[in-house]
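Quick notes on the structure that follows.
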Amino acid sequence: MRINDNVTWVGKNDWELRKFHGDEYSTHKGSTYNSYLIKDEKNVLIDTVWMPFGKEFVENLKKEIDLKDIDYIVINHAEVDHSGALIELMREIPDTPIYCTAMGVKSLKGHYHQDWNYVPVKTGDKLNIGKRDLVFIEARMLHWPDTMFTYMTEDNILFSTDGFGQHFCSEKLFNDLVDKAEIDQEAIKYYANILTPFSTFVGKKIEEILSLNLPLDMICPSHGMIWRENPTEIVEKYMKWCNDYQENQITIVYDTMWDSTRRMAEEIARGITSKDKDVEVKIFNISKADKNDVITEIFKSKALVMGSSTINNGILSKVAALIEEIKGMKFKNKKAYSFGSYGWSGEAPKIIAEELEKAGFISEVKGLKSNWVPDGEELKNSFEYGVMIASNK
Ligand code: FEO
């Protein structure tokens, strides 16, 4: 598929993909592994595809170009979903130079144990390919230490690897040809789940790139659609997302054994809404909802209200797993509240509050406990807890 007269998309659409990073990330809409072939006086391949599609990738690439005519390969990021087809490709063109960062060399060697013709590059290094230059920009921790972006002059294209990506599959290739709401949702989910821990690096890198005053006509990420229409919109969104992002939203997440904690959750939500008609309240049972979708909602929230029944003096395992995951997210500037029903000991709200505090949440308010099945009075307490949450600006 042509990007323009000189750049062709030679990637792979993976419509089947439903889980990514092992079982860690849900991909309801599939994904794409974007690889780009640039033809100028020199021909350049930017990134490849995931290893299972290596043979198919090389066969398709041969329809576009005699592999021997590929002068340079650029690997912006060595994770296997982008470098995985190198094994197949390098069997055919073993001496072709591979441009990547020094960390990229380390990472590629670590993955494939091959002494290919690596050319390490740093920020500002240029590779002239005829009418165009490729300018390399290291983008450490966006989201791996090896990551870099490649900017192409003349066509003003930023090849941004995972940055600005979305796990979204379509045959259409460009953002202006697909449903905007769908890719915007996948873009924020991608940021929330993959890039949040590195938000400081994201902000600094974008400021650095903006200070170069490079004209920008397209952003070509390595997953999902190419940002052709209004490419700066996603850059502006990233600037917001990396800066302790929150909307006027409160998310309630719980797990429940016999519905008592669920009833508390719903009553807390009613209390919040009774006090503040404008705030968006969303409720998820974490044992039924998709973990990555829930994390996206927590990312958008100003407060998280988390509940669990008490079991064996502890909390339910799905709640514990979610807390473990969000610890790694390093969310900032979000309040946390806890609740849960119990029969005998009732430790869950205290444990949740302590753990969320360790995860960086602001957890100043004592959790709400409810003994046995909440009746009228106890449900009223949940309602009032919600009112208090909405009042605690
Ligand atoms: Fe899409 Fe970090 O690989």
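The values are calculated or read from the model by the stated rules, or taken from the named source; none is laboratory data. In this text, all values refer to a predicted model and were calculated from it rather than measured experimentally. Note: ideal-geometry Cβ built from the backbone for every residue, glycine included; neighbour counts use all protein chains shown. When the accessible area is computed, the model is the full protein with side chains, heavy atoms only, and any ligands, DNA or RNA have been set aside. Shrake-Rupley method; radii C 1.70, N 1.55, O 1.52, S 1.80 Å.
Residue-wise test of (1) β-branched (V, I, T); (2) part of a helix (DSSP H, G or I); (3) touching a strand residue (DSSP E or B) at 6+ places or on another chain (Cβ under 9 Å); (4) free of Cβ contacts under 8 Å to residues at least 24 places away in the same chain.
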site	(1), (2), (3), (4)
L304	no, no, yes, no
L322	no, yes, yes, no
K327	no, yes, no, no
N333	no, no, yes, no
Y337	no, no, yes, no
G340	no, no, yes, no
A353	no, yes, yes, yes
S370	no, no, yes, no
I389	yes, yes, yes, no
The lone exception for N193 - which of (1) touching an Asp or Glu at 6+ places or on another chain (Cβ under 9 Å); (2) more than 16 Å from the ligand (Cβ to nearest atom); (3) open to solvent by less than 40 Å² (accessible area, probe 1.4 Å) it fails: (2)
Counted residues, the stretch 157-190 - those being under 10 Å from the mean Cα position of the chain (by Cα) and within 16 Å of the ligand (Cβ to nearest atom): 10
Being of a type in the set (V, I, T) and within 12 Å of the ligand (Cβ to nearest atom) is the filter; apply it to the stretch 16-40 and report the residue that is farthest from the chain's Cα centre (by Cα). T32
Show the residue pairs that are 6+ apart or on different chains and have beta-carbon atoms under 6 Å apart, the first residue being within the stretch 125-148 and under 26 Å from M329 (Cβ atoms) and more than 16 Å from the ligand (Cβ to nearest atom), the second being part of a strand (DSSP E or B) and open to solvent by less than 40 Å² (accessible area, probe 1.4 Å). I137/F149
Taking interchain pairs and intrachain pairs at least six residues apart, which have beta carbon atoms under 7 angstrom, with the first residue in the stretch 156-170 and within 14 Å of E79 (Cβ to Cβ) and the second among the basic types (K, R)? H167/K29
Considering only residues of the stretch 200-209 that are open to solvent by 70 Å² or more (accessible area, probe 1.4 Å) and touching a residue at least 12 places away in the same chain (Cβ under 8 Å), which is nearest to V7 (Cα to Cα)? F201
Between a first residue in the stretch 67-93 that is in contact (Cβ under 8 Å) with a residue 60 or more places away in the chain and a second residue that is in a helix (DSSP H, G or I), which pairs have beta carbons less than 6 Å apart while being 6 or more apart in sequence or on different chains? A78/G104; A78/S107; A78/L108
Residue identified as closer than 16 Å to E355 by Cβ and touching an Asp or Glu at 6+ places or on another chain (Cβ under 9 Å) among K291, K300, K335: K335
Picked from the stretch 1-12 (must be open to solvent by 20 Å² or more (accessible area, probe 1.4 Å) and out of contact with any helix residue (DSSP H, G or I) (no Cβ under 8 Å at 6 or more places or on another chain)), the residue nearest to L322 (Cα to Cα) is W9
Among the helices (runs of 4 or more DSSP H) contained in the stretch 79-169, which hold 2 or more residues that are farther than 22 Å from K204 by Cα and open to solvent by less than 10 Å² (accessible area, probe 1.4 Å)? 80-83, 86-92
Go through (1) open to solvent by less than 20 Å² (accessible area, probe 1.4 Å); (2) within 19 Å of D162 (Cβ to Cβ); (3) outside any strand (DSSP E or B) for L45 and report which single condition fails. (3)
Quick one: count up the residues across the stretch 270-280 that are touching a strand residue (DSSP E or B) at 6+ places or on another chain (Cβ under 8 Å) and buried (at least 21 other Cβ atoms within 10 Å of the Cβ). 1
